[in-house]
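Asks: Encoded as structure tokens, here's the structure I'll be asking about.
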Amino acid sequence: MSLLEGLLVLDFSQYLAGPFAAMRLADLGARVIKIEREDGGDASRGLTLSNLKVDGDSTVFHSMNRNKESYAANLKNPDDLLKVKRLVEKADVLIENFRPGTMEKFGLEYESVKRINPKIVYASITGYGAEGPWKDKPGQDLLVQALSGIPWLNGTSDQPPMPFGLSAVDMFASANTVQGILAALVRRGRTGEGGLVETSLMEAALDLQFEVLTTHLNDGEKLPVRSRLSGAHAYLGAPYGIYETKDGFLALAMGSVVRLGELLSCEPLTRYTDPNSWFEQRDEIKAILASHLRNRPTREWLTVLEAGGYWCAEVRTMKEALHHEGVQALDMVIEVSRRNGATLRTTRCPIRIDGERLVSSKASPVLGEDTSAIDLELGEAWK
């Protein structure tokens, strides 16, 4: 039996943060019905990466909407809205990620939904919270990164602010949402009480920086200083970073600069015996290290460093990573299928329960493909 089997989740959300959270609940066994606009559905159906679509929908949509059903409705139509509200009566969880006030227009904000279904767990994801001067700003990942200070942590000191190359804030907000939903469901199991779970992209962005913000709040609010070379963490000293070798790139984590110099036969590094100098003279040390590492291939350096127990790794491309036995042993890539036979390769849920991987072959739904079946299934409720 799947952990969340028997639970019904209504996914009103679109783009990334909400749909990803709903998909994770589907991975864990919940039935997830995606409530979509009749005219186009979730906007991410057309939001492509590299202009790539499969069976008419973007890989963006496919990647975060597998294992769901699609119910198409026009919430401005009283009949459709009534059907959706009756579906709310039967739901255990509702997820939405619209700007504040949007769901209220349809009588689907938490207070109204609570009157329809007191036991529901209602999850709301906003860009910047339901109150405050930014509440109506567009909640988009890059914009939130920019406003939160994150780009000043990436890259080197001679580069402009560098955002993550992933929608990391959206993903983190999704994880926070799932945690809140599951906790609220546990409470409901004890007390029968539903609840409202709220988070925002900005809160996720700040929480994502919990280590460095804690330092900032306790060091006199000094601003982060990125290293001039091999920038990987603005608050960590040498050798932390990625370095070019004769034939590729090598990543070095935190460790003794003196020990590193001994292993690499780089005598200048062994002179930095004071650990404080590894941060205070970070650029100087990194320059010596960068020059030295260019002389030999990555594999030669790895052989020496790994034998010495130094934390290091070669830098792989996506293709190299996916084809390595270390990744293949995890069996992360799956093939999913739509009812019409269209197939797509994607990643599976990364969780294992009692030693079992959570895998489903069901792809994302075609817009509205389950509307008639759900109407038929719940036909008595519509009367």
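Since every read-out is calculated from the coordinates, none of them should be taken as a lab result. These numbers come from a predicted model, not from an experiment. Methodologically, a virtual Cβ is constructed for each residue, glycine included, from the backbone with ideal geometry; neighbour enumeration extends over all protein chains shown.
Asks: Working only with C-alpha atoms, what are the Rg and Dmax values of the chain, expressed in angstrom?
Replies: Both quantities, over Cα of the chain: 24.8, 83 Å.
Asks: Any idea what the dipole of segment 271-355 comes to, in debye rounded to 20, about its Cα centre with Lys/Arg Cβ at +1 and Asp/Glu Cβ at -1? Kindly include the intermediate steps, with their values, before the conclusion.
Replies: Working: 13 positive and 12 negative charges, 97 e Å.
That gives a dipole near 460 debye.
Asks: For segment 52-204, rounded, prolate or oblate, judged on the Cα gyration tensor with a ≥ b ≥ c (square roots of eigenvalues), a/c < 1.5 rounded, else prolate if a/b > b/c?
Replies: Values: a/c = 1.97, a/b = 1.61, b/c = 1.22.
Prolate, because a/c is 1.5 or more and a/b exceeds b/c.
Asks: Does anyone have the angle between helix 78-90 and the longest principal axis of the chain? Alpha-carbon axes, 0 to 90°, nearest 10?
Replies: 70
Asks: Quote the relative contact order of segment 182-247 in percent (integer), defining contacts as alpha-carbon pairs under 8 Å separated by 6+ residues. All intermediate terms of the calculation are to be shown ahead of the outcome.
Replies: On the way: 31 pairs, mean separation 9.5, N = 66.
Relative contact order here is 14 percent.
Asks: Moving to a separate point now. Can you compute the helix-only [θ] at 222 nm over the chain? Use -39500 (n - 2.57) per DSSP H run of at least 4 residues, normalise by all residues, nearest 500 deg cm²/dmol.
Replies: Result for the chain, helices only: -10000 deg cm²/dmol.
Asks: Shifting gears a bit: Which percent, nearest 5, of DSSP beta bridges in the chain are antiparallel? Write out the running numbers ahead of the final one.
Replies: Working: 16 of 39 bridges.
The antiparallel proportion sits near 40 percent.
Asks: I'd like the GluC sites (Glu not before Pro) in segment 61-141 restricted to DSSP loop residues with at most 11 other Cβ atoms within 10 Å, sorted by number. Intermediate results must be reported in sequence, preceding the final value.
Replies: Details: sites: 69, 89, 96, 104, 109, 111, 131; in loops: 109, 131.
Taking segment 61-141 and a limit of 11 other Cβ atoms within 10 Å, the loop GluC sites (Glu not before Pro) found are 131.
Asks: In Å, the Kirkwood hydrodynamic radius of segment 232-300 over pairs of distinct alpha carbons? The partial results should precede the final answer.
Replies: Values: mean 1/r = 0.0839 Å⁻¹.
With all distinct Cα pairs of segment 232-300 included, I get 11.9 Å.
Asks: If you don't mind, there's one more thing I want to ask. So how tilted is helix 17-27 from the main axis of the chain? Cα-based, degrees 0 to 90, rounded to 10.
Replies: Roughly 80 degrees between the two axes.
Asks: Related question: Please work out how much length the chain gains when fully extended from residue 50 to residue 339, using 0.36 nm per residue of separation minus the C-alpha to C-alpha distance, in nm with one decimal.
Replies: Length gained between residue 50 and residue 339: 101.5 nm.
Asks: Let me ask something else. Out of every Cα-Cα pair in segment 180-226, what percent are more than 12 Å apart? Write down the numbers at each step before the final one.
Replies: Working: 769 of 1081 pairs.
For segment 180-226, the share of Cα pairs beyond 12 Å comes to 71 percent.
Asks: Now for a different question. State, in angstrom, two size descriptors of segment 241-281 derived from its alpha carbons: Rg to one decimal place and Dmax to the nearest whole number.
Replies: My reading of the Cα-based Rg and Dmax gives 11.0, 32 Å.
Asks: If a/c stays under 1.5 just call it rounded; otherwise compare a/b with b/c (prolate if a/b is bigger, oblate if not). Do that for segment 150-210, with a ≥ b ≥ c from the square roots of the Cα gyration tensor eigenvalues. Walk me through the numbers before you get to the answer.
Replies: Numbers: a/c = 4.72, a/b = 4.21, b/c = 1.12.
Prolate.
Asks: With r as the distance between the Cβ atoms of residue 287 and residue 327 and R0 = 35 Å, compute the FRET efficiency 1/(1 + (r/R0)^6) and round to 0.05. Don't jump to the answer; show the numbers that get you there.
Replies: Working: r = 33 Å, r/R0 = 0.95.
In this case the efficiency is close to 0.60.
Asks: Distance between the C-alpha centers of segment 84-113 and segment 4-48? Whole Å please.
Replies: 14
Asks: Evaluate the Debye formula for segment 195-334 with equal point scatterers sitting on the alpha carbons, no solvent, and hand back log10 of I(q)/I(0) at q = 0.11, 0.14, 0.16, 0.20 Å⁻¹, in q order, two decimals.
Replies: Debye intensities relative to I(0), on a log10 scale: -0.54, -0.79, -0.94, -1.16.
Asks: For the chain, take the longest principal axis of its alpha carbons; what is the angle in degrees between that and the long axis of helix 168-191, to the nearest 10 within 0 to 90?
Replies: 50
Asks: Can you spot the lysines whose alpha carbon is less than 21 Å from residue 362's alpha carbon? Ignore those fewer than 8 places along the same chain.
Replies: 34, 53, 68
Asks: With an 8 Å Cα cut-off and a minimum separation of 6 or more residues, compute the relative contact order for segment 103-250 in percent. Walk me through the intermediate numbers first.
Replies: Working: 193 pairs, mean separation 40.8, N = 148.
Computed value for segment 103-250: 28 percent relative contact order.
Asks: If you don't mind, there's one more thing I want to ask. Please give every one of the aspartates and glutamates within straight-line cross-link reach of residue 319, meaning a C-alpha to C-alpha distance under 18 Å, and leave out same-chain neighbours fewer than 8 residues apart.
Replies: Candidates past the 8-residue exclusion: 247, 331, 335.
Asks: Report Rg (one decimal) and Dmax (nearest whole number) for segment 117-255, counting Cα atoms only, units Å.
Replies: Spelled out, the Cα radius of gyration and Dmax of segment 117-255 are 19.1, 64 Å.
Asks: Counting other beta carbons within 10 Å of each residue's own, what order do 215, 317, 199 fall into, fewest first? Let's see the in-between values first.
Replies: On the way: 215 14, 317 9, 199 24.
The fewest-first ordering by Cβ neighbours comes to 317, 215, 199.
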